[in-house]
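The values are calculated or read from the model by the stated rules, or taken from the named source; none is laboratory data. For clarity, every value in this text was computed on a predicted model and none was experimentally measured. Don't worry about glycine lacking a Cβ; one is built from the backbone with ideal geometry, like all the others, and counts go over all protein chains shown. Please note that ligands, DNA and RNA were not included when accessible areas were found on the heavy atoms of the full protein model with its side chains. Shrake-Rupley method; radii C 1.70, N 1.55, O 1.52, S 1.80 Å.
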Amino acid sequence: TRTRLADEAVEADKMRVRLTDELEEATTAAAESEEALGKATKELEAVGAKVPELEALVAELKEAAEEHEQVTKDADEAAEKMEDEMEGLRDQIEAKVAELAKVIEDGEPAKEMERMAAKIA
């Protein structure tokens, strides 16, 4: 029985050593986990601090997009108006050219042609 008790004591000691090693590993892992959690918390806090900044940038971008949309609309309207004015001028020029062609056809004096050319210019 002494041998058996000695063997059990040796086994118990081996188990104690193994459990001590496992406890040390678990303690180290817990410390590393706590450190990682601390770093993650700091990073999260840094990101959280930037949220208002990002929200302000989003608001600025929305405002710029609205301004761009208005400028584009105004430019389109101005281009349409200019196109209408150009069409009106083109019609006037065509009418004057036709009038001048009639003057030439009818053989009116050169002075009349000069007067018409001056009006066109």
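Look at the range 103-121: where a residue is part of a loop (DSSP other than H, G, I, E, B) and a partner is open to solvent by 100 Å² or more (accessible area, probe 1.4 Å) and at pLDDT 70 or above, sitting 6+ places away or on another chain with Cβ atoms under 9 Å, you get E108/K102.
Please work out which residue is modelled with the highest pLDDT, limiting yourself to the range 94-121 and to residues that are under 59 Å from the mean Cα position of the chain (by Cα) and open to solvent by 90 Å² or more (accessible area, probe 1.4 Å). If we take residues in the range 94-121 being under 59 Å from the mean Cα position of the chain (by Cα) and open to solvent by 90 Å² or more (accessible area, probe 1.4 Å), then E94 is modelled with the highest pLDDT. Candidates T41, T28, T20: the one that is within 33 Å of the chain's Cα centre (by Cα), surrounded by 10 or more Cβ atoms within 10 Å (Cβ to Cβ) and polar (S, T, N, Q) is T41.
A49 - would you say it is modelled with pLDDT under 95 and either of a type in the set (D, E, K, R) or surrounded by 10 or more Cβ atoms within 10 Å (Cβ to Cβ) (or both)? Considered against the rule, which asks whether it is modelled with pLDDT under 95 and either of a type in the set (D, E, K, R) or surrounded by 10 or more Cβ atoms within 10 Å (Cβ to Cβ) (or both), A49 comes out as no.
Looking at E55, is it in a helix (DSSP H, G or I) and surrounded by 10 or more Cβ atoms within 10 Å (Cβ to Cβ)? Yes, satisfied.
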